[in-house]
Amino acid sequence: MKKNPILAVGSVALDTVKTPFGRVNEALGGSATYFSASARFFSPVSVIAVVGSDFPGKHLEAMRLLGVDTSGIEVQKGKTFRWSGFYDFDLNTAHTLRTELNVFQHFRPKVSPEARSSRYVFLANIDPELQFTVLNQVHDPWLVACDTMNFWIENKRKALQKLLKKVDIFLCNDAEARELSGEYNLIRASKRILSFGPRLLLIKKGEHGVICFSKDFIFLAPAYLLEKVFDPTGAGDSFAGGFIGYLTRSPRLNESVVRQAAIYGSVLASYNVESFSLNRLVDLKRVEIERRYRHFRRLTRF
Ligand code: AMP
């Protein structure tokens with residue numbers, strides 16, 4: 001199967017996270033980081049982002065060692081984007097304590113001439129205006145997917161809606177779908193969001209799985225059942241990495257491909273939550289992904 005490179009823009013961050021099982025301080029995180037660490041199993045990924053002069057070089061090196069193209073990550077004078085949050089025993093809900101945009105505040109992303117011909121674009125969670133600027137620089141992409149969060153729905157709704165007109169696949173969690181659409185019921189919310197532009201909507205529901213909505217079908221994918229969950233941070237982005245990664249290996253986007261991609265997404269997310277930061281994704285092997293994919297099939301057959 002042909003490998004199609006993916007261009008991803010999003011945050012590369014230092015995260016401080018507390019869960020009922022432990023905490024990490026200023027660990028490597030960010031939406032583009034988790035996405036690329038997952039999608040790289042399927043296709044090469046180039047990341048566009050900015051970090052501050054305080055960003056540890058070892059983190060960029062770690063991303064390179066995973067095979068991620070970091071040449072689009074600018075290092076600017078100033079502080080790196082930081083996010084801090086915590087989870088209670090309901091691990092499905094992240095409580096944000098602080099979001100410090102820092103160098104992202106004045107970032108003007110530039111897409112290299114080579115990356116402008118990317119066929120797959122993933123706009124990981126970051127300011128929708130930055131997502132739009134990157135997308136505008138890519139000539140005729142075949143597939144554009146986009147993620148967001150409540151922070152942007154509340155602060156940049158107009159920019160987000162403008163962006164959604166140009167997006168094929170939109171991913172968000174159930175609370176965000178409700179907030180964006182103004183509808184509590186998820187079927188009604190999906191119809192409203194699909195009317196904004198995307199042809200596929202993926203609503204993530206944490207440990208309760210994901211629902212894929214298009215105007216022609218609905219698919220319910222459970223989350224993989226785990227005995228140990230340490231840190232759900234990045235679950236959504238690693239899901240997106242597995243999902244979009246798998247799509248790059250398929251010549252078309254139909255219902256059965258979407259169903260398989262959703263399971264690959266769930267597999268990547270399930271590994272990610274087994275440890276803090278990117279620790280588990282860094283060690284992960286392709287055979288482990290396939291093993292869990294097969295187990296998923298046995299668990300859900302009826
Ligand atoms: P997830 O758990 O998949 O939704 O994403 C977690 C990652 O998103 C963390 O590593 C954070 O650094 C990053 N993040 C949190 N808030 C924002 C934000 N407002 N914009 C961009 N990235 C963010």
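Overview of results
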quantity: Distance in nm between pseudo-label sites at residue 65 and residue 25 (7 Å out along the Cβ direction from Cα); calculated: 2.3
quantity: Positive minus negative residues near residue 162 (Lys, Arg vs Asp, Glu; Cβ under 13 Å); calculated: +3
quantity: Links that overshoot a 30 Å alpha carbon limit, given the list 205/228; 18/79; 58/110; 156/228; 158/205; 110/165; calculated: 156/228
quantity: Total formal charge among the other residues, if their Cβ is under 13 angstrom from that of residue 78, Lys/Arg +1 and Asp/Glu -1; calculated: 0
quantity: Pairwise label distance in nanometres, residue 187 with residue 250, each label 7 Å out on the Cα-Cβ vector; calculated: 2.4
quantity: Size of electric dipole in the stretch 116-190: Cβ of Lys, Arg +1 and of Asp, Glu -1, about Cα centre, debye, nearest 20; calculated: 280
quantity: Residues whose placed amide H lies under 5 Å from that of residue 54, excluding near-sequence neighbours; calculated: 78, 80
quantity: Taking the chain and dividing mean pair separation by its residue count, relative contact order in percent (alpha carbons under 8 Å, at least six apart); calculated: 18
quantity: Shape of the stretch 1-104, Cα gyration tensor, a/c cut at 1.5; calculated: oblate
quantity: Which of 219, 238, 49, positive extreme of dipole for the stretch 6-300 (C-beta unit charges); calculated: 219
quantity: The chain - mean residue ellipticity at 222 nm from DSSP helices (-39,500 (n - 2.57) per run, n ≥ 4, rounded to 500); calculated: -10500 deg cm²/dmol
quantity: Length released on extending from residue 53 to residue 129, taking residue separation times 0.36 nm less the Cα-Cα span; calculated: 25.0 nm
quantity: Cα gyration tensor category, rounded, prolate or oblate, for the stretch 6-300 with a/c compared to 1.5; calculated: rounded
quantity: Gyration tensor (alpha-carbon) shape descriptor, the stretch 43-115, a/c threshold 1.5; calculated: prolate
quantity: FRET efficiency, 1/(1 + (r/R0)^6) with R0 41 Å, evaluated for residue 295 and residue 140 via beta carbons; calculated: 0.60
quantity: Beta bridge orientation in the chain: antiparallel %, DSSP, nearest 5; calculated: 40
quantity: Sum of side-chain charges, residue 232 neighbourhood, beta-carbon under 13 Å (Lys, Arg +1; Asp, Glu -1); calculated: -2
quantity: Part-to-part distance (alpha-carbon centres) for the stretch 22-40 and the stretch 45-93, which is given in Å; calculated: 7
quantity: Dipole moment magnitude, nearest 20 debye, the chain about Cα centre, only Lys, Arg, Asp, Glu C-beta charged; calculated: 860
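Every number in this text was worked out from the coordinates using simple rules, so none of it is lab data. These numbers were taken from a predicted model, which means no experiment stands behind them. Neighbour counts run over all protein chains shown; Cβ positions are idealised from the backbone, glycine included.
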